[in-house]
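Novice: The following block contains the structure, expressed as structure tokens.
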Amino acid sequence: MSMKSIIGQHMFIGISGHALTADEKKFIVENNIGGICLFGRNVADPKQVHDLCEEIQSLRHKQEDKAPLFIGIDMEGGRVHRLKPPFTVWPPLRKLGDLDAPTASFHFANRMGQELKAVGINLDFAPCVDVFTNTANTVIGDRSISDDPEKVARHASALVRGYIKSDIITCAKHFPGHGNTIVDSHYDLPVENLDIDRLESLELIPFKKTFKSRVDMVMTSHIKFPKIDPDWPVTLSEIFIKKIIREECRYRGLVITDDLGMKAMASHFGVEEIPVRALQAGAELLLYCNEPEVPPQAIDAILGATAQGSLDKATLEANHQKILEFKKQKITQPEPLPMSEVIKIVGSPENLKIATAIANGSMPEGLLPE
């Protein structure tokens with residue numbers, strides 16, 4: 001197994017349109033890329049998404065690992081909702097918090113997950129488990145379930161279980177909590193003067209609950225907490241990833257970064273420094289969403305750091321095996337369902353009924369207990 005292929009399995013990349021270009025196919029195959037992240041630019045209708053996912057998964061047979069690819073998407077509900085009608089349009093998570101019925105949250109995620117799974121998406125970058133503690137925070141807003149950490153924890157746990165039941169890989173975000181920030185990390189690096197006692201008493205409560213609910217991944221935030229780590233933001237911090245996530249929270253799932261192309265990273269750290277430092281800090285999956293020229297630079301930087309000894313080769317090899325084992329357990333049916341099945345699931349009357357009831361603040365009728 002080449003070092004380049006080992007590194008490639010750590011990588012998530014974005015793609016440009018409704019189908020893969022020849023260059024994208026070549027890059028994914030030759031670099032053994034581990035995952036693809038879909039955005040609005042990649043989505044037209046269920047048939048197109050189905051065909052795109054089928055095309056992506058077909059590339060694994062030409063890759064060195066021959067492992068299924070992660071195909072991830074941001075589908076939280078509300079304004080972070082990449083799939084448009086005829087997919088069911090789900091309300092924001094705040095509606096679940098207002099309703100405060102975990103059974104509804106479970107079915108919300110389970111039904112959404114069934115639609116994702118049908119077209120070949122196997123990973124949702126959800127749920128958002130940030131506690132909404134600052135009313136001036138427009139970055140999170142109604143993406144948060146509540147300003148009450150215990151309520152967020154209850155519903156986050158139900159959402160995780162719902163996604164898992166639908167065979168969707170789950171990802172709790174944005175560790176250790178983005179609910180207090182005013183600065184949007186897409187544009188600059190937020191700095192929070194909270195200490196570890198504050199995080200333990202509030203922001204970490206729902207993350208710990210999702211960890212106990214066996215959430216598959218946790219996504220690091222690009223936020224700097226100088227009272228906890230004076231040098232590095234969370235994504236690049238050994239204190240946050242190795243000490244807090246791994247040692248103190250005893251989390252054993254996969255740690256993925258938020259998009260490493262966001263200005264919180266790119267405006268403060270070098271394009272070659274970022275992926276190397278994230279891996280040194282303990283991240284296992286690196287997310288690159290938008291700039292196609294950056295993943296090749298990242299791979300070269302990681303190769304260089306490994307050759308020089310500043311990045312431990314054995315750690316990357318261990319990560320690689322962990323990722324492959326995870327995929328073997330979690331992605332047992334990589335291909336989308338036949339379109340004859342997809343059209344029965346996507347935007348089904350039952351799903352629309354559940355989504356509409358939650359959006360209107362009422363408990364959907366006839367939901368079975370978990």
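All of the numbers you see were taken from the coordinates with simple rules; none came from a lab. These figures come from a predicted structure and were not determined experimentally. As a convention, Cβ positions derive from the backbone with ideal geometry for all residues, glycine included, and neighbour counts pool all protein chains shown.
Novice: Would you point out which residue out of 78, 97, 14 is small (Gly, Ala, Ser) and within 15 Å of residue 288 (Cα to Cα)?
Specialist: Working: 78 fails: within 15 Å of residue 288 (Cα to Cα); 97 fails: within 15 Å of residue 288 (Cα to Cα).
One residue alone meets the criteria, 14.
Novice: If I filter the stretch 245-260 down to residues being over 15 Å from the mean Cα position of the chain (by Cα) and more than 10 Å from residue 282 (Cβ to Cβ), which single residue comes out as surrounded by the most Cβ atoms within 10 Å (Cβ to Cβ)? First the steps, then the outcome.
Specialist: Step one: filter the stretch 245-260 for residues over 15 Å from the mean Cα position of the chain (by Cα), giving 245-252.
Now restrict to residues that are more than 10 Å from residue 282 (Cβ to Cβ): 247-252.
Values: 247: 10, 248: 13, 249: 17, 250: 10, 251: 22, 252: 10.
Selected residue: 251.
Novice: Any residue at all in the stretch 94-103 that is touching a residue at least 12 places away in the same chain (Cβ under 8 Å), more than 21 Å from residue 285 (Cα to Cα) and in a loop (DSSP other than H, G, I, E, B)?
Specialist: To start, the set of residues in the stretch 94-103 that are touching a residue at least 12 places away in the same chain (Cβ under 8 Å) comprises 94-103.
Narrowing the set further to residues that are more than 21 Å from residue 285 (Cα to Cα) leaves 94-103.
Filter once more, so that each one left must be in a loop (DSSP other than H, G, I, E, B): 100-101.
Yes: the stretch 94-103 contains one or more residues that are touching a residue at least 12 places away in the same chain (Cβ under 8 Å), more than 21 Å from residue 285 (Cα to Cα) and in a loop (DSSP other than H, G, I, E, B).
Residue-wise test of (1) in contact with a Ser or Thr (Cβ under 9 Å, 6 or more places away or on another chain); (2) farther than 21 Å from residue 170 by Cα.
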site: 329; (1), (2): no, no
site: 333; (1), (2): no, no
site: 336; (1), (2): no, no
site: 340; (1), (2): no, yes
site: 344; (1), (2): no, yes
site: 350; (1), (2): no, yes
site: 355; (1), (2): yes, no
site: 366; (1), (2): no, yes
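Novice: Mind checking which pairs have a first residue in the stretch 11-26 that is surrounded by fewer than 20 Cβ atoms within 10 Å (Cβ to Cβ) and a second that is among the hydrophobic types (A, V, I, L, M, F, W, C) and in a helix (DSSP H, G or I), Cβ under 8 Å, 6 or more apart or different chains?
Specialist: 18/52; 19/52; 25/59
Novice: Looking at (1) of a type in the set (S, T, N, Q); (2) touching a strand residue (DSSP E or B) at 6+ places or on another chain (Cβ under 6 Å); (3) over 22 Å from residue 336 (Cβ atoms), which is the one condition that is false for residue 122?
Specialist: (3)
Novice: Please go through (1) over 16 Å from the mean Cα position of the chain (by Cα); (2) surrounded by 21 or more Cβ atoms within 10 Å (Cβ to Cβ); (3) under 16 Å from residue 331 (Cα atoms); (4) not basic (Lys, Arg) for residue 58 and return the number of the only condition it doesn't satisfy.
Specialist: (2)
Novice: Residue by residue through the stretch 286-340, note down the ones that are part of a helix (DSSP H, G or I) and charged (D, E, K, R).
Specialist: Just the residues of the stretch 286-340 that are part of a helix (DSSP H, G or I), to begin with: 294-308, 313-330, 339-340.
Result: 300, 313, 317, 322, 325, 327, 328, 330.
Novice: Could you please find all residues in the stretch 74-92 being free of Cβ contacts under 8 Å to residues at least 60 places away in the same chain and assigned to a loop (DSSP other than H, G, I, E, B)? Give the derivation first.
Specialist: Initially, the stretch 74-92 is screened for residues free of Cβ contacts under 8 Å to residues at least 60 places away in the same chain, giving 74-75, 77, 81-84, 92.
Result: 74, 82, 83, 84, 92.
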